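The values are calculated or read from the model by the stated rules, or taken from the named source; none is laboratory data. Since the structure is predicted, the reported quantities are computational estimates derived from the model, not experimental observations. Cβ sites come from the backbone with ideal geometry, for glycine too, and all protein chains shown count toward neighbours.
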Amino acid sequence: MSRLIIWDPEWSLGECIVDRQHRQLVEMVNRLGNVEYGRLDTERMLKLLYYVKVHGETEDQYLRIGGYPDYEQHSMAHDEFYHDMHRRIVGLSANRDEMRGEIARWLFHHIEAESRDAAFRSCVFVNRMA
């Protein structure tokens, strides 16, 4: 299997639902590597994007309740990514390798940035304890 992202334990936020979702997203992106070369597997891509949407809603809830200072920006970034990728998949305007690469880059930067953001980690931790 062609793995685009390898989970780094340093990204862990403390065994919470956000961690489980991040790991699931990494696995889903890596599974895209099993698709026949040059063929965009629309169903797999749409399932992945649906999970991106679910994950974004989970994070939004945590961050809103926790008073995350960049909540609006964070939420908008999820929405923009989701809508852009959905439009391209449904319109079949991207090739598979480009999409895999873009999704993998977005996910890597998303998870890595959150793992280093103290305010984000605090919101997740507070909500995990509630």
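Every condition in (1) more than 13 Å from the chain's Cα centre (by Cα); (2) over 22 Å from Asp79 (Cβ atoms); (3) part of a helix (DSSP H, G or I); (4) modelled with pLDDT of 85 or more holds for Ile6 except the one numbered (3).
Across region 89-130, the qualifying residues are those that are over 27 Å from Tyr68 (Cα atoms) and within 17 Å of the chain's Cα centre (by Cα), and the one among them that is modelled with the highest pLDDT is Gly101. Just to be sure, is Glu43 assigned to a helix (DSSP H, G or I), of a type outside the set (Lys, Arg) and modelled with pLDDT under 85? Criteria met by Glu43. Looking only at residues in region 50-88 that are of a type in the set (A, V, I, L, M, F, W, C) and either surrounded by 19 or more Cβ atoms within 10 Å (Cβ to Cβ) or over 12 Å from the mean Cα position of the chain (by Cα) (or both), the one that is modelled with the lowest pLDDT is Met85.
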